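Values in this text are rule-based calculations from the coordinates and carry no lab data. Given the structure is predicted, the values throughout are model-derived calculations rather than measurements. Note that each Cβ is placed from the backbone with ideal geometry, even for glycine, and that neighbours are counted across all protein chains shown.
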Amino acid sequence: MSFSGFSLSSNMVNALTKLGYENPSPVQQVVIPKALRGTSLLAQSETGSGKTHSYLVPIIEKLDMNLNRPQAVIITPTRELSRQVFEFAREFQRFFPKLKVRLFTSEADVSQNEEGSTVAPQLIIGTPGRVKQLLVDKELFILNNVKTVVLDEADMLLDLGYFEDIEGLFASLREPQTMVFSATLKQNLKDELLKFVRSDFEFESDKVHTASTVKHHLINIKHIGESNALVQFLKLKNPYLCIVFCSTKDKVNEIHKALLDNNIDALYFSGSLDERSRKRALREIKANTHSIIVASDLLARGMDIPDVTDVVSVDLPNDLEFYHHRAGRTGRFGKSGDSWVFYNNDTEAKPRELYNSGVKFDFYSLRAGKLVDDPVGLAEKTKFRKKAEFSPEEIKEIKIAKAKTKKDKVEPMHKKKTQFAIEKVKRKYKRKAIQRSVRKQLENEAKAKRKARNGGDE
Ligand code: AMP
């Protein structure tokens, strides 16, 4: 299937070809024809699926370029995302010279946003508060011609409490076509949305959150510490472009400093950067000036950073949904990518939760600067066992081992020798327990696969 299969103008098809977009992605195949027909829709779309162009292409195609009035509004939850969409929209100006686009976010002052408002843009992109302030409160432009509204990353818009502003905007419009894009289409989100938007069509892409080209790996870093493990890992892998995610700003600071201390160049990105530094960092990210970026989850949502080969989570976020956003920074548009998660015995609860929710991890451990296969992985480990947990055979063997090492006369090292013999027996039984646990894990996986193949029936 190619873009010429849609009812798009030859100018648009030419623009897409020149921009390097040859074939529509799955979300584009579904959304573009519906959007061209004016259908309102809710679309669940995985990161890196091409969703931005699934709404930009039909919107630009349908704009009346001879009418200088707002005709479409695109709302995103952060100024960085808004800018990204804005830059994508501006790429079309080469092919549609009359296309006027404005970006309304806190990147600029309100007064700067108001400048030049005598000529209205056809397309407005921005964050909810600023868009409502300018379009509704300040009535900057006549809104009668707004025919389409997009809510991008709608679940984040809801989480950040932006729906009031959005409702305010909708109250000033005449039932526009609405296109809602969201990483998930949870019921509470739908309930909230359907209070003020219409939806004639719902699209759920693959239930798997992250692109299937991403491989997930768990690395047991034991007790060497996250910074130390990261330094070893980076020296070992030497990744082309790697984002290292940390769940708190303090940890971003700590990890970034540790890399610099070890002469590893890395870019810092978190919410604690001021506006100017944040913009500069984003520019450097786009220009691919650093091959390692240490970031908070601010960089996990929606941002399009091409060519990320590796994502490392030195720890996992409290909201595990964000793991999927992190991993989704790589493996974009069919490229392969790796997502690495550090853990140890004290922090294995979250990886286990992800694993149980269906993330197909493989297992490694970091030993003396090398990544080695870990056959045990998350299989249940019995660290401290109570007496009752010892099997009768094991107790018997321990008694034998004790008796064998018992001497009538106290010999040097005899206590150690006894202890060693007992430990040997315990290790043997532990190994057996682990093998049983691994077998059980494999059996469960095979069972789940069989179940999936049979459509849910065993
Ligand atoms: P998005 O899912 O909107 O964040 O887009 C992810 C990336 O895919 C962006 O870098 C787009 O430039 C790119 N992209 C969008 N549509 C296509 C397409 N049809 N073919 C190839 N790349 C695309």
Cα-based Rg / Dmax (Å) for segment 43-116: 13.1, 37
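Treating the beta-carbon of each Lys and Arg as +1 and of each Asp and Glu as -1, no other charges, what is the dipole magnitude of the chain about its Cα centre, to the nearest 20 debye?
Numbers: 76 positive and 61 negative charges, 665 e Å.
Using only the charged Cβ atoms, the result is roughly 3200 debye.
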Calculate I(q)/I(0) for segment 217-327 by the Debye formula, one identical point scatterer on each C-alpha and no solvent, and give its log10 at q = 0.11, 0.19, 0.21 Å⁻¹ to two decimals. -0.31, -1.00, -1.25
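Checking the table Lys34/Lys147; Lys402/Lys426; Lys51/Lys335; Lys186/Lys350; Lys34/Lys186 against a 19 Å threshold on Cα-Cα, which pairs fail? If you can, show how the numbers build up before the last one.
Working: Lys34/Lys147 15 Å; Lys402/Lys426 12 Å; Lys51/Lys335 17 Å; Lys186/Lys350 22 Å; Lys34/Lys186 22 Å.
Where the Cα-Cα span goes over 19 Å, the pairs concerned are Lys186/Lys350; Lys34/Lys186.
Could you pull out the chymotrypsin sites (Phe, Trp or Tyr not before Pro) across segment 293-357 that fall in loop regions by DSSP (anything but H, G, I, E, B) with no more than 10 other Cβ atoms inside 10 Å? Before the final figure, lay out the partial values.
On the way: sites: Phe322, Tyr323, Phe333, Trp340, Phe342, Tyr343, Tyr355; in loops: none.
Of the chymotrypsin sites (Phe, Trp or Tyr not before Pro), not one in the loops of segment 293-357 has a Cβ with at most 10 other Cβ atoms within 10 Å.
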Counting other Cβ atoms within 10 Å of each Cβ, which trypsin sites (Lys or Arg not before Pro) in segment 139-194 have at most 11 and sit in a DSSP loop? Arg174
Note down the magnitude of the dipole of segment 91-173 about its Cα centre, charges +1 on Lys and Arg C-beta and -1 on Asp and Glu C-beta and zero elsewhere, to the nearest 20 debye. 580
Once both axes come from the Cα atoms, what is the angle between helix 275-286 and the longest principal axis of the chain, in degrees from 0 to 90, rounded to 10? 80
Within a 10 angstrom radius of the beta carbon, how do Ser277, Ser247 rank from fewest other beta carbons to most? Ser277, Ser247
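With a ≥ b ≥ c the root eigenvalues of the C-alpha gyration tensor of segment 98-150, is it rounded (a/c under 1.5), prolate (a/b larger than b/c) or oblate?
Details: a/c = 1.37, a/b = 1.22, b/c = 1.13.
Rounded.
Taking 8 Å as the Cα distance limit and 6 or more residues as the minimum spacing, I'd like the relative contact order of the chain as a percentage. Write down the numbers at each step before the final one.
Working: 715 pairs, mean separation 66.2, N = 458.
Relative CO of the chain lands at 14 percent.
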The alpha-carbon center of segment 1-61 and that of segment 415-443 are separated, in whole Å, by 58
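Please go through segment 322-351 and write out the trypsin sites (Lys or Arg not before Pro) that DSSP classes as loop and that have at most 16 other C-beta atoms within 10 Å. The partial results should precede the final answer.
Numbers: sites: Arg326, Arg329, Arg332, Lys335; in loops: Arg329, Lys335.
Within segment 322-351, the qualifying trypsin sites (Lys or Arg not before Pro) (loop, at most 16 other Cβ atoms within 10 Å) are Lys335.
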Can you tell me the equivalent ellipsoid semi-axes for the chain? Use √(5λ) from the Cα gyration tensor, largest first, whole Å. 54, 24, 19
Below 8 Å between Cα atoms, with a sequence gap of 6+, how large is the relative contact order for segment 23-67 in percent? 51
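For each of Glu423, Glu397, count neighbouring Cβ atoms within 10 Å of the residue's Cβ, then give the residues from fewest to most.
Details: Glu423 13, Glu397 19.
So the ranking, lowest neighbour count to highest, is Glu423, Glu397.
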